[in-house]
1. Select from segment 178-203 the residues that are assigned to a loop (DSSP other than H, G, I, E, B) and at negative phi and list them in ascending order.
2. Identify all residues within segment 49-72 that are part of a strand (DSSP E or B) and more than 19 Å from residue 24 (Cβ to Cβ); write none if there are none.
3. Does residue 204 satisfy the criteria of being farther than 23 Å from residue 94 by Cβ and either at pLDDT 95 or above or assigned by TED's automatic domain parsing to the domain that holds residue 140 (or both)?
4. Is it the case, given these coordinates, that residue 86 is surrounded by fewer than 19 Cβ atoms within 10 Å (Cβ to Cβ) and more than 23 Å from the chain's Cα centre (by Cα)?
């Protein structure tokens, strides 16, 4: 069992930049080692910490499986990948960036569908008219199932989205979507409207530790130092 703490951070884009800025503000300088395009790094002055640059979704998975001790990822990804998140991970700090909402959005021309109850009521008439349940396109399969079940909506079919989810209704591959949005502008541009009670989850980047990682006295001490810097 290694005594080196493994910290996973986003590997590209604005999330990587904002993570580096957040750590710098806490007095911790992230730096890639070797090739600038590589995926390994360090925190300057902390030789007991290994930094792994990976995608945000992989970070959630690695926290879930205990392959890393601590990481920066969104609440949406944690909730999607872990039905037992409360026991598998601990959120140490909300980081104030990566804000986005997971929402249920329907076509604007569904004028009589304003909330989840309306969505439940149209299911049978839709099936009678089209010979099938309406389709919900999403990357958030588990969040969608849990949210719909909690609101008594059961007669629908999920279509897993691998691309631009907001374009699926116009393309004819789904009737409505569950997707992430920051301003709603892209949804509106695609003729979609968020249901009045269609907020599934408010998400932002969090510093999260894994409860199932192989913790040692040394890795706990390194984690305590990171937590102390962020709480200062």
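1. Residues of segment 178-203 that are assigned to a loop (DSSP other than H, G, I, E, B), as a first pass: 182-184, 190-191.
182, 183, 190 - these are the residues of segment 178-203 that are assigned to a loop (DSSP other than H, G, I, E, B) and at negative phi.
2. So in segment 49-72, the residues part of a strand (DSSP E or B) come out as 49-54, 70-72.
Hit for segment 49-72 is 54, nothing else.
3. Values: farther than 23 Å from residue 94 by Cβ: no; either at pLDDT 95 or above or assigned by TED's automatic domain parsing to the domain that holds residue 140 (or both): yes.
Criteria not met by residue 204.
4. no
The values are calculated or read from the model by the stated rules, or taken from the named source; none is laboratory data. These numbers were taken from a predicted model, which means no experiment stands behind them. Every residue, glycine as well, gets a Cβ built from its backbone with ideal geometry; the counts of neighbours run over all protein chains shown.
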